[in-house]
Amino acid sequence: MLSSSREDGCVSREQIGNTSDVPEGTVRVVECANGRSLALANVEGELYAIDNVCTHDAGPLGEGELFQGHVICPRHGAAFDPKTGKVLTLPAVHDVASFEVTVERDEVYIDCRSGEGA
Ligand code: FES
């Protein structure tokens, strides 16, 4: 799945896959080289990455669904904004980290460090 990584100054971005891996309206689990698991969501053709671990009880957000542009946790249904990681509904009350995503041609890159400290 992971094919390359590159250091651009303080930015460390990794090729996570291709745009065809995450069709519009879906969310998938992807993994950084450092082992951090992320949920990669395609909202109306734009890709966004947030932590894969729900802040309520560690549900895998990337195994949930996208509903009205929000990532829905598959365990108890908390909603998160994939653009910011902000929690939108109970039972979760804490945000998750969000990560910078860029697309070049069909290749998807994520700065796996950009969410650290969040
Ligand atoms: S684990 Fe996500 S809502 Fe409970």
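Arranged by the count of other C-beta atoms within 10 angstrom, fewest first, what order do ARG105, ARG75 take?
ARG105, ARG75
Calculated FRET efficiency, LYS83 and GLU116, Cβ-Cβ r, R0 25 Å, to nearest 0.05?
0.85
So what's the projected area for the chain, the Cα convex hull averaged over all directions, in nm²?
Convex hull of Cα atoms, orientation-averaged projection: 6.6 nm².
How large is log10 of I(q)/I(0) for region 19-81 at q = 0.14 Å⁻¹ when the intensity is taken from the Debye formula with one equal scatterer per alpha-carbon?
-0.33
Full extension from GLU65 to GLU107: what is 0.36 nm times the residue separation minus their Cα-Cα distance, to one decimal in nm?
My answer for the length gained is 12.9 nm.
Where does the charge balance sit around GLY17 when Lys and Arg score +1, Asp and Glu -1, over other residues with C-beta under 12 Å from its C-beta?
In short, -4.
Provide the packing ranking of 50-56, 92-98, i.e. peptides ordered by the mean count of other C-beta atoms within 10 Å per residue, highest first.
Ranked by mean Cβ neighbours within 10 Å, highest first: 50-56, 92-98.
Subtract the Cα-Cα distance of GLU31 and ASN18 from 0.36 nm times their separation in residues, and report this length gain in nm to one decimal.
3.3 nm
Quick note: the coordinates plus some simple rules give every number you see, no bench work behind them. Please read these numbers as outputs of a predicted model, since none were measured by experiment. Please note: Cβ atoms are built from the backbone with ideal geometry, for glycine as well, and neighbour counts cover all protein chains shown.
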